[in-house]
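Notes follow the structure.
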Amino acid sequence: MSESLKIVAFLGSVRQGRMCERVAKFVRKCLEDRGHTVTVIDPLELGLGQVIQPMHFYRNPAEIPAILPQLNEQLKEADAFIAIAGEYNSQISPALCSVMDHFPPVSYAFRPSAIVTYSMGNYGGIRAAMLLRQFLSELTTVHMPNMLVISKVHESLNDAGECAGEDATSRLPKAADSMINQLEWYARALKKEREVGLPKQ
Ligand SMILES: Cc1cc2nc3c(=O)[nH]c(=O)nc-3n(C[C@H](O)[C@H](O)[C@H](O)COP(=O)(O)O)c2cc1C
C-alpha cells in the first residue's frame with residue numbers, strides 16, 4: 001500500500017446555501033479512498049471572517065487568536081493542500097483568499113497544492129482556477145497542472161457529494177483521479193527532498 005499523506009483542504013465559501021460543501025465531500029472521499037488523511041479548514045465553521053490581521057503580522061504574539069497557531073501547525077505538518085473555490089465575478093471566491101491569507105507563505109512552502117473550482121454555469125470556475133495558479137505560487141506552494149473544474153456543480157454533485165447525471169461515471173472521477181495522481185507524486189517526491197534538506201534562501 002502506498003504511503004498515506006496528510007492533506008489540508010481549504011473551503012472557499014461562507015455563503016448561505018453554499019455548494020462548496022458537496023464539492024469538499026466529493027474530494028474528501030476521493031482522497032480517503034486512497035488512504036489519505038484529510039483535514040478541512042472551513043472559514044464558516046471557524047468564524048475566521050475576512051483577514052483582520054494575518055498571523056505573521058501580529059507584533060505581540062500574545063494577541064494572536066489561539067485558533068491561528070493551531071491551524072498553522074496543521075499546515076506545517078501537511079504533505080499537500082487542496083484549494084476549493086467557487087468563481088465569484090470571474091475571481092477566486094474572496095473567502096478562499098481570506099482564509100489562506102491568514103497564514104505566512106512559509107507554512108505552505110515546499111509542498112504541492114491542487115486546484116478545485118466549480119460554478120453553477122458551464123465553465124466550472126476556470127477563470128478563478130487560472131488566478132488560483134498565481135495566488136498559490138505567491139503562497140510558495142507548488143500547484144498541480146491537472147485541476148478539477150466542475151461545471152453545473154448543482155447538477156453534477158448531490159448534497160452528499162456523489163456524482164450525479166452524466167458526470168457520474170466518467171468525467172469527474174477521471175479528472176479527480178488524474179489531479180490526485182499528480183498531487184500524490186509531488187507530495188511524496190517533495191517529502192523525500194524535505195527530509196534531505198531545504199534550499200538556502
Ligand atoms: C457574488 C457571486 C458572483 C458570481 N460570479 C460568477 C462568475 O463570475 N462566474 C460563474 O461561473 N459563476 C459565478 N457565480 C456563481 C457561483 O460560481 C456559484 O454560485 C457557486 O456555487 C458559488 O460557490 P458557493 O456556492 O460555494 O458559494 C457567482 C456567485 C456569486 C455569489
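The values are calculated or read from the model by the stated rules, or taken from the named source; none is laboratory data. Since this is a predicted model, take the numbers as computed values, not measurements. Note that we place each Cβ from the backbone using ideal geometry, even for glycine, and neighbour counts take in every protein chain shown. Areas reflect the complete protein model, heavy atoms only, side chains present, ligands, DNA and RNA absent. Shrake-Rupley method; radii C 1.70, N 1.55, O 1.52, S 1.80 Å.
A few notes on this one:
- Note on segment 88-106: among residues that are touching a Phe, Trp or Tyr at 6+ places or on another chain (Cβ under 8 Å) and open to solvent by less than 10 Å² (accessible area, probe 1.4 Å), the one that is farthest from the ligand (Cβ to nearest atom) is Met100.
- In segment 166-188, residue farthest from Val8 (Cα to Cα) [restricted to those that are more than 16 Å from the ligand (Cβ to nearest atom) and in contact with a helix residue (DSSP H, G or I) (Cβ under 7 Å, 6 or more places away or on another chain)]: Ala176
- Out of Ala109, Ala85, sole residue that is on the phi < 0 side of the Ramachandran plot and away from the ligand (no atom under 16 Å from the Cβ): Ala109
- From the options Arg133, Arg127, residue that is open to solvent by 20 Å² or more (accessible area, probe 1.4 Å), of a type in the set (Lys, Arg) and closer than 24 Å to Glu193 by Cα: Arg133
- Residue pairs meeting the criteria (Cβ under 6 Å; at least 6 apart or on separate chains; first farther than 18 Å from Met179 by Cα, in segment 117-142; second away from the ligand (no atom under 13 Å from the Cβ)): Leu139/Pro105; Leu139/Tyr108; Thr140/Pro105; Thr140/Tyr108; Thr140/Ala109
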